[in-house]
Amino acid sequence: SSRSDWVTGYLTAAAAAIGGQWLARWTVAAAAVSNLAMYEAEMSADSLGLAGMAERGLVPEIFAVRGKYGAPTVPLAVGSAIALAGGFLPLEEIVEMTNLLYCVSLVIELAAFIRLRVSQPKLDRPYRIPLSTFWCVIMLVPANILLIVMIALASWKSYAGKPYIARI
């Protein structure tokens, strides 16, 4: 087969050609279970992080509520609702919104790095960047410029998503 053959669903077709329909069915089942497991792992990690932030007072206390077995129920419910609502959006919009949010989070992370170096320069860290704060700022300027350009180039739908949210 050529590279152009590898489109959505081709792995199943390749499995069928190699081992027959039983292998194609197992390939689809294995992919489904794998995707479900990755989704559950990510949802669990995110909800535990949100619950931990609530327990430290960084977000509203409602996110610290845990169920009978210690699972953070409110963060799981909120995350599930967001995922369900996102399922109604076109894939291109989901990818663009995800990238926009990632760019914003990186700008915040880089700003926090500089703020921590300025506010707590003697803080014990597992590793240190052997540059002064000035040179750290200079080092991060190109990355921040690129991130800000990416944020500015995002379509308006990434910021609001109103046409799609209104349909849900």
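Odds and ends about this structure:
- Of the labelled figures (1) -1.02, -1.11; (2) -1.09, -1.20; (3) -0.64, -0.98, only one reflects log10 I(q)/I(0) by the Debye sum over Cα atoms at q = 0.14, 0.17 Å⁻¹ as derived from the coordinates, namely (2).
- Of all accessible heavy-atom area on the chain, the percent that carbon and sulfur account for (1.4 Å): 70 percent
- What the stretch 1-115 shows is 72 Å² of accessible area per residue, with the surface traced by a 1.4 Å probe over protein heavy atoms.
- Structural descriptor for the chain: relative contact order 15 percent, calculated from alpha carbon pairs under 8 angstrom and at least 6 residues apart.
- Cα gyration tensor, the stretch 1-40 - rounded (a/c under 1.5), prolate or oblate: oblate
- The label point for residue 71 and the one for residue 41, both projected 7 Å from the Cα toward the Cβ, are 1.8 nm apart.
- Nearest 10 degrees, 0 to 90: helix 133-153 Cα axis against the chain principal axis: 40 degrees
- GNM result for the chain, Cα springs below 10 Å: residue of 105, 80, 132 fluctuating most strongly: 132
- Sites excluded, trypsin sites (Lys or Arg not before Pro) in DSSP loops with at most 12 other C-beta within 10 Å, longest stretch of the chain: 1-55
- Acute angle (nearest 10 degrees) that the helix 21-55 long axis makes with the longest principal axis of the chain, alpha-carbon atoms: 20 degrees
The values are calculated or read from the model by the stated rules, or taken from the named source; none is laboratory data. Since this is a predicted model, take the numbers as computed values, not measurements. Cβ: placed from backbone, ideal geometry, glycine included. Neighbour counts: every protein chain shown. All accessible areas refer to the heavy atoms of the entire protein, side chains included, with ligands and DNA or RNA removed. Shrake-Rupley method; radii C 1.70, N 1.55, O 1.52, S 1.80 Å.
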